[in-house]
Amino acid sequence: MNARWWVAGAAWAALSATIWFVGDLVPPLEGPLERGALILAAAIALIGWEAWRARRAARANNQLLAGIAVGSLAPTQPSARQASSRCCASVLKTWWRSCARPASGCPEASGAR
């Protein structure tokens, strides 16, 4: 069991104690059954969240291992940085081509600064 589960368990215990001792001040939580149900719902939500997170991590690990086995670790889609650098390169090429022809109205080509 790793530290994440211990911290989550401590957080749940603190929340449960708060619900149990302060809950009777809130009208919908005056009875012990209502407070117990809320504590149980918090426990189920915590376990569900951690199980989903563990499953997601296992799936990512399996994809990484499959990529290593195939020999391809390159992402299938370009990253945002790669896409933005392509976009900037395209804009710069267009700007350079327009400045190469002085009649196009490029301020640098016409001498205006």
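Listing for the model above:
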{"item": "If the convex hull is drawn through the Cα atoms of region 3-77, its volume per residue in Å³", "result": "109 Å³"}
{"item": "Calculated FRET value between A60 and A14, using beta carbons and R₀ = 35 Å, to 0.05", "result": "0.70"}
{"item": "P(r) tail fraction, region 1-46 - alpha-carbon pairs more than 17 Å apart, %", "result": "34 percent"}
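Rule-based calculations on the coordinates, nothing more; no lab input. As the structure is a prediction and not an experimental result, all values here were calculated from the model. Backbone-built Cβ (ideal geometry, glycine too); neighbour counts: all protein chains shown.
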